[in-house]
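Asker: So that we are looking at the same thing, I have put the structure below in structure tokens.
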Amino acid sequence: MVGKAFGGVLPEPGEFTAEDNTILAAADGMIATAREHMKTQQLHQVLNAVWAVVADANRYFASEAPWAKAKTDPKRQGTILYVTAEVLRRVAVIAQPVMPTATAKLLDILAVPPNERDFAALDAGKRIKAACHFRRRRRCFRVTSNRRQRPKSCWWTATATSIFPDFASELDAVVQRARDAGIGRMVTICTRVRQHAKVLAVAERFPDIFCSVGTHPHNAHEELDIDAKVLIEIARHTKVVAIGEAGLDYHYDTSPREAQEQGLRQHIAARARRIAAGDSFARGR
């Protein structure tokens, strides 16, 4: 709409209404919420806050109906679009750690410079710059159909049961059932780096099975010596397509939280370095 009504240039906003200030305040509040939850690595709570603002922004946009003001009140239309752009900017910056590719596309569209995409860019008083030239629209998010259909070639994530003795005799049958169901590629998950050889053996046995490398949070205290360098080195194998299983499990707490946090940081560091090196883990696709 910015492209059609304003030639791709984000308009200067007019005076903000109560509705504008309400949605802007909600968007401004996300950064404090995100920082608080990130202290305890609760990324799901960060995203809950983000999606709540996205829902509010949808309602704001629908109720303000900027498309209906193109002829009657173009200044108001521009203000609504400016406010919406600012909300989207804040949503994209905060969601970057979880959705880096999609949010990068959105920030590109909004003409946000690369050096203004960190949390510091969301400090009080900082807003998206008016008069910036929006880039040509790109699809940021893939739309999937709800229609049920037989998959021709998709990924199926198997648990580490593929290396459990109780299931060893069933492995061939499990793989064949997956193939019969239309599954094209499979991933067997590593839960302990020291047992990765077993997982890799399964992946090497079948041409359509790949594997990950990582330490499950339940076992984090057993592999405190496993750092990002070890993960990166193992991940060079052509059959390794992911780093994990990793994360935080504060429900069962079978491993000390400090150990879980240390392990998660190493996994994140390994993945970040792989991305920086240009490895998208696209092999096998």
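Laboratory data are not the source of any read-out in this text; all were calculated from the coordinates shown. Quick caveat, the model's predicted, so the values are computed rather than measured. Cβ sites come from the backbone with ideal geometry, for glycine too, and all protein chains shown count toward neighbours.
Asker: Residue by residue through the stretch 204-219, what is 3J(HN,Hα) from phi via Karplus (6.51 cos²θ - 1.76 cosθ + 1.60, θ = phi - 60°)? Round to whole Hz and write x for glycine and proline.
Answerer: 6, 6, 10, x, 9, 10, 10, 8, 10, 9, x, 10, 5, x, 4, 10
Asker: Okay, moving on. For the chain, take the longest principal axis of its alpha carbons; what is the angle in degrees between that and the long axis of helix 171-180, to the nearest 10 within 0 to 90?
Answerer: 40 degrees
Asker: Right, here's the next one. For Lys4 paired with Val98, estimate the spin-label separation in nm (one decimal), with each label point 7 Å from Cα along the Cα-to-Cβ line.
Answerer: 3.1 nm
Asker: Net charge around Leu122, counting only other residues with Cβ within less than 15 Å of its Cβ (Lys, Arg = +1; Asp, Glu = -1)?
Answerer: Spelling it out: positives minus negatives among the neighbours equals +1.
Asker: Could you tell me which label, among (1) 165; (2) 155; (3) 142, carries the value of volume of the Cα convex hull per residue in Å³ calculated for this structure?
Answerer: Here the calculated entry is (1).
Asker: Report the extension gain between Arg236 and Ile275 in nm, rounded to one decimal, defined as 0.36 nm multiplied by the number of residues separating them, less their alpha carbon distance.
Answerer: Full extension from Arg236 to Ile275 adds 12.8 nm.
Asker: Let me confirm the definition first: pairs of Lys residues in the chain, 8 or more apart or on different chains, C-alpha distance under 20 Å. How many are there?
Answerer: 9
Asker: Please say if the stretch 66-113 is rounded, prolate or oblate, where rounded means a/c under 1.5 for a ≥ b ≥ c the square roots of the C-alpha gyration tensor eigenvalues, and otherwise the choice is prolate for a/b larger than b/c and oblate otherwise?
Answerer: It is prolate, given that a/c is not under 1.5 and a/b is the larger ratio.
Asker: Could you order the peptides 187-199, 222-234 from most to least packed, using the average number of other C-beta atoms within 10 Å per residue?
Answerer: Sorting 187-199, 222-234 by mean packing, highest first, produces 187-199, 222-234.
Asker: I've got another one for you. Once label points are set 7 Å from the Cα along Cα→Cβ at both His251 and Ala168, what is their separation, rounded to one decimal in nm?
Answerer: Output for this residue pair reads 3.1 nm.
Asker: Scan around Val9 for amide H atoms under 5 Å from its own, H built in the peptide plane at 1.01 Å from N, and keep only partners 5 or more places away or cross-chain.
Answerer: Amide H neighbours of Val9, under 5 Å, 5+ apart: Phe134.
Asker: Dipole of the stretch 1-138, Cα-centred, from +1 at each Lys and Arg C-beta and -1 at each Asp and Glu C-beta, to the nearest 20 debye?
Answerer: Approximately 580 debye in magnitude.
Asker: From the Cα gyration tensor of the stretch 80-137, with a ≥ b ≥ c the square roots of its eigenvalues, which class applies: rounded if a/c is under 1.5, or else prolate if a/b is larger than b/c, or else oblate?
Answerer: Oblate, because a/c is 1.5 or more while a/b does not exceed b/c.
Asker: What does the highest-first list of 13-22, 206-215 look like by mean Cβ count within 10 Å?
Answerer: So the peptides 13-22, 206-215, ranked by packing, come out 206-215, 13-22.
Asker: According to a simple spin-label model (label point 7 Å from Cα along Cα-to-Cβ), what is the distance in nm between Gln45 and Thr17?
Answerer: Label-label distance for Thr17 and Gln45, simple model: 3.5 nm.
Asker: Helix-derived [θ] at 222 nm for the chain: sum -39500 (n - 2.57) over DSSP H runs of at least 4, divide by residue count, nearest 500?
Answerer: Using -39500 (n - 2.57) per qualifying helix, the result is -14500 deg cm²/dmol.
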